[in-house]
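Below you'll find the structure, written out as C-alpha cells, and then a few comments.
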Amino acid sequence: MPLYDSARTGRTRHPAWLVLIYSLWIATVCNLPLWREWSRMPELQNLRGLAVGLGFAVTIAAGMALLFSLLNWRWTLKPAITLSLFAAAFGAHFMLSYGVVIDTTMLVNALETDMRETRDLVNTQMLVTVLIMAVLPSIWLWRQRTPRRTALRQIGGNLLTAVLALGVLVGSLLLIYQDFSSLMRNHTEQRYLINPLNSFYALGDIAAKPFKRDERTILPIGLDAQFTAAPGKPPLLLLVVGETGRAGQFALNGYPRPTTPELAKEHIASYRNAWSCGTNTAASVPCMFSHLGKQAYESRTANYEGLLDVLQRSGLGVVWIDNQAGCKGVCDRVPNTSTTQLKNKDLCVDGECFDEIMLSQMDARIAELPAERRAKGVVVLLHQMGGHGPAYYKRTPAAFKKFMPECTSNNLQDCSQALLVNAYDNTILYTDHVLANAIEWLKSKETTNTPAMVYVADHGESLGENNIYLHGLPYDIAPDVQKRVPWITWLSPAFEQRSHVATECLQKRQDIKVSHDNYFHSVLGLLNVKTSLYQPALDMFAPCVKPG
Ligand SMILES: [Zn+2]
C-alpha cells in the first residue's frame, strides 16, 4: 500500500497518470507548429498521411513519457514537467508567430539578446500562448498530490512505466517507419519543430561546446601584421556593420521603391550578389571578422582573435561604437563603447537610440585613441540597430517614415505584408540617410585624412513570405532573403589613389558573388596591412588594384 501524505488534503493521483497526461498534452497541443507544418505537406494529404501523423504524435508522447518516467521522483517530476511545458510553449509561440525553428544558433541568439530586443518580442499573443500551454497546466500540476512511496516501489514503478513507454515508442516508430524516414529525409527541418526536445537538444549542444572547444583561450593571429604608411594623409576607414539588411530592399540593388535616395547621389559601388556567413547576429558577426571563412569558422577547434586585433596589432587605431546588443566578442580587445548610456533627447527614446547617435560620437572617440596610432591611420566601426525586428517602426525617426502606413505592432501577423514591408523599407531609408551622413562626415575629414567607408550587413530578413518572419533559420534551409546582404563601398579620390582601387572598376564587378568570407581579407587589402594571413584570392578589391 502506498503511504499517503495525510497532512494534506486534495486529490491524490498516481504519478504515472501525470506522466501520461502531460506527455499527451505536450505531444498534441504544445506541438501545434509541428502539426500545422505537417498538415501543409503535400505527401501527407491523405488517410495514410493522417495515420503517419497520429503515429508520430504517439511516438513523441512516448518519448516524453520515457523522459518523465526516468525523472519520476518526489522532487523532480513536477519541475521537469513544468520546465518542459514552458520550453514547449515559448518554442511554439516563436515558431507559430515568426516561422522560425528552434535550433542551437537560435537559442544562442536568444540567450545573447539584450533587454531592449526582448521587450520587442513580448506581445499579447505570446502571453496567451504561454498561459494556455504552460501556465494553466502547471498550476493544475502543482495542485495534484502524489503518493509517497518507498524507494524500492518508486524504482519498480518508474522502471515499469519507462519500459512501457519505450515499448510504445519503438512500436509506433516501427509502424510508421517507412513513410516517416522518407519524410524526414526530404524535410530535415522537421526535427527542429519537435517541442520541447528541440530546445533541450539545443541546450545540450551549447552545454557540450566547451568540451568540443576550449572557450577560454583565444589564440592570437597575425603576429606579423604591419601597417606601412603610404605617401599622403593617414587613412580613415569607416566600417559600418549593418543589422538585418535585406539586400533586395535597397533601390541601389534594383528595388523599385526609392529606398536609397541619398546614397544614389554618392560615388559608390554596391555589390548586389553578397552573401552572409550566418542568418543571425551571433553567428554572422564573429564569422565575418574571422580569418577562417564560414566553413573553417564553423568547424574550428579553437578560438582565434579577429580582424580588429590584427588591425590594432599592425599599429592602426581601432575603435568600435555599438548601437546594438554588443559586438559578440569581436571588439573585446580594442577600445569600444556603447550608446546605451547616452541620453540624447532628439535621438534616444526609452533607452534605445537611433543609429545617427553613433555619428555624433565619432570625433570624441577617435580623439581618445593614442596619438601615435592616429598618426598612422584609424579604423572606426559602427554597429547599427539597422532594420532589427520585429518592431521595425521603432528604428526610424518620424522624418523617415515615408512608406506609410507602417506596421506598428510587434506581433507581425497582426499586420498585412504591405504594412510590414513599409515599416521595414523605412528602416532602409533611414540607413541610407545614416550612411550618406557618414560619407559627408568622412568628406569633411579630407583635409587631415584619406577617408573611405565599407558597409555590409550581418544577415537579411524574411518579411512574411511563406509565413516566415525575421531571421535565424538554419543556414541550409533559410530562404535567400535571410542570407543576401547589402555591401556598399565608398572611396574618396585620395583613398582610390592610395589603394590603387578605382570605384568604376568595383562598379563593373557589382554582380560578382562575394560573401562574408571576403571581408577579413578585403579590409586588410584596402588598408595595405601586410601579414601572412592575408589571402589575395579572397580580397574582393584585389582584382581592381591597378599596379603602380
Ligand atoms: Zn543581426
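The values are calculated or read from the model by the stated rules, or taken from the named source; none is laboratory data. Source: prediction; values computed, not measured. With ideal geometry, Cβ positions are generated from the backbone for all residues, glycine too; neighbour counts draw on all protein chains shown. Each accessible area value is taken on the protein alone, full model and side chains, heavy atoms only, with ligands, DNA and RNA left out. Shrake-Rupley method; radii C 1.70, N 1.55, O 1.52, S 1.80 Å.
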Region 415-437: number of residues that are surrounded by fewer than 19 Cβ atoms within 10 Å (Cβ to Cβ) and free of Cβ contacts under 8 Å to residues at least 12 places away in the same chain: 2
Some residue of region 507-514 being touching a residue at least 60 places away in the same chain (Cβ under 8 Å) and assigned to a helix (DSSP H, G or I): yes
Single residue of L203, L141, L160, L166 found to be under 20 Å from A88 (Cβ atoms), in contact with a helix residue (DSSP H, G or I) (Cβ under 9 Å, 6 or more places away or on another chain) and open to solvent by 60 Å² or more (accessible area, probe 1.4 Å): L203
Those residues of region 524-538 which are out of contact with any Phe, Trp or Tyr (no Cβ under 9 Å at 6 or more places or on another chain) and either outside any helix (DSSP H, G or I) or surrounded by 22 or more Cβ atoms within 10 Å (Cβ to Cβ) (or both), in sequence order: T531, S532
Hey, I366 in contact with a Ser or Thr (Cβ under 6 Å, 6 or more places away or on another chain) and either surrounded by 17 or more Cβ atoms within 10 Å (Cβ to Cβ) or assigned to a strand (DSSP E or B) (or both) or not: no
Residues that are part of a loop (DSSP other than H, G, I, E, B), among the hydrophobic types (A, V, I, L, M, F, W, C) and open to solvent by less than 10 Å² (accessible area, probe 1.4 Å), drawn from region 297-326: L316
Residue within region 192-199 that is under 30 Å from N31 (Cβ atoms) and open to solvent by 40 Å² or more (accessible area, probe 1.4 Å) present: yes
Residue among G55, G63, G91 that alone is of a type in the set (G, A, S) and under 28 Å from L412 (Cα atoms): G91
Tally of residues being away from the ligand (no atom under 16 Å from the Cβ), aromatic (F, W, Y) and open to solvent by 40 Å² or more (accessible area, probe 1.4 Å) across region 244-296: 1
Residue count, region 206-243 (criterion: surrounded by 21 or more Cβ atoms within 10 Å (Cβ to Cβ) and of a type in the set (D, E)): 1
Test: residue in region 220-227 that is in contact with a Lys or Arg (Cβ under 6 Å, 6 or more places away or on another chain), touching a residue at least 24 places away in the same chain (Cβ under 8 Å) and of a type in the set (S, T, N, Q): yes
Test: Q125 is touching a residue at least 60 places away in the same chain (Cβ under 8 Å), farther than 18 Å from A61 by Cβ and in a helix (DSSP H, G or I): yes
Of residues in region 457-475 being part of a strand (DSSP E or B) and away from the ligand (no atom under 12 Å from the Cβ), the one modelled with the lowest pLDDT: Y469
Failed item, numbered, when K483 is tested on (1) modelled with pLDDT of 95 or more; (2) of a type outside the set (V, I, T); (3) within 16 Å of the ligand (Cβ to nearest atom); (4) open to solvent by less than 10 Å² (accessible area, probe 1.4 Å): (4)
Checking K394 against (1) buried (at least 23 other Cβ atoms within 10 Å of the Cβ); (2) within 16 Å of the ligand (Cβ to nearest atom); (3) in a helix (DSSP H, G or I), the condition it does not meet: (1)
Some residue of region 121-144 being modelled with pLDDT under 85 and within 30 Å of G472 (Cβ to Cβ): yes
Breaking point among (1) open to solvent by 50 Å² or more (accessible area, probe 1.4 Å); (2) of a type in the set (D, E); (3) within 16 Å of the ligand (Cβ to nearest atom), for D355: (1)
Among the candidates S199, S181, residue that is in contact with a Gly (Cβ under 7 Å, 6 or more places away or on another chain), polar (S, T, N, Q), within 21 Å of D476 (Cα to Cα) and in a helix (DSSP H, G or I): S199
Odd one out for F403, checked against (1) within 16 Å of the ligand (Cβ to nearest atom); (2) open to solvent by less than 50 Å² (accessible area, probe 1.4 Å): (1)
Of all residues making up region 439-456, the number that are open to solvent by 10 Å² or more (accessible area, probe 1.4 Å) and either assigned to a loop (DSSP other than H, G, I, E, B) or within 16 Å of the ligand (Cβ to nearest atom) (or both): 6
Pairs with Cβ under 9 Å, 6+ apart, first in region 466-481 and farther than 18 Å from L420 by Cβ, second within 14 Å of the ligand (Cβ to nearest atom) and basic (K, R): Y475/K483
Candidates A269, A230, A264 - the one that is more than 30 Å from L111 (Cβ to Cβ), in a strand (DSSP E or B) and among the aliphatic types (A, V, I, L, M): A269
Selection status of F86, assigned to a helix (DSSP H, G or I), of a type outside the set (V, I, T) and touching a Phe, Trp or Tyr at 6+ places or on another chain (Cβ under 7 Å): no
Any hit, region 408-415, residues being within 21 Å of the chain's Cα centre (by Cα), more than 19 Å from N437 (Cα to Cα) and not in a loop (DSSP other than H, G, I, E, B): yes
